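Have a look at the structure below before the remarks.
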Amino acid sequence: MKNYNYIAQQYCFKNEIKIYNTPVSKKSVRIEVDYKGQIIKSDVIYSIKESEKKIWELYEHFYNKQKQDE
C-alpha cells in the first residue's frame, strides 16, 4: 500500500464513497460500494486477500476518474 492509496481513499471518504467487503462464507466476500447511501454489490465473490487488493484498486479508480473529469 502506498501513500497514493491513502490519497485516493481520502478523496472517496470526502465524497461519500465507501468501499468494503461483506461476508459470503468464512473465506469469501463480496465487495460493496456505498455512494451517498446507494449501495452497489459486486457479482464477483473474492477471497478475503483478493478483496483487500480490489478495494484499493476501486479507491484509485474513483479518484482517477475524478481527475480525468476535471
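Once the Cα atoms are used to define both axes, helix 3-14 deviates from the longest principal axis of the chain by about 90 degrees. Summing charges over neighbours of I48, with a neighbour being any other residue whose Cβ is under 14 Å away from its Cβ, gives +4 when K and R count +1 and D and E count -1. Selection among N5, T22, Q68 by position relative to the dipole of the chain gives T22 as farthest towards the positive end (Cβ unit charges, Cα centre). Contour minus end-to-end for S25 and Y4, with contour as 0.36 nm per residue of separation and end-to-end as the Cα-Cα distance? Full extension from S25 to Y4 adds 4.4 nm. A simple spin-label model places the labels of K65 and K36 1.3 nm from each other, with each point 7 Å out along Cα-to-Cβ. Bridging of K65 to aspartates and glutamates at a Cα separation below 16 Å is possible for E16, E57, once same-chain residues fewer than 8 apart are set aside. Taking a sphere under 9 Å around the Cβ of K18 and counting the other residues whose Cβ falls inside, with K and R at +1 and D and E at -1, yields a net charge of -3. Within the same chain, lysines fewer than 8 places from K67 are excluded, and of the rest, those with a Cα less than 25 Å from its Cα are K2, K14, K18, K36, K41, K53, K54.
Bear in mind these aren't lab numbers, they're just calculated from the coordinates by the rules spelled out. This is a predicted model, so every value here is computed, not measured. Reconstructed Cβ throughout: ideal geometry from the backbone, glycine too, with neighbour counts over all protein chains shown.
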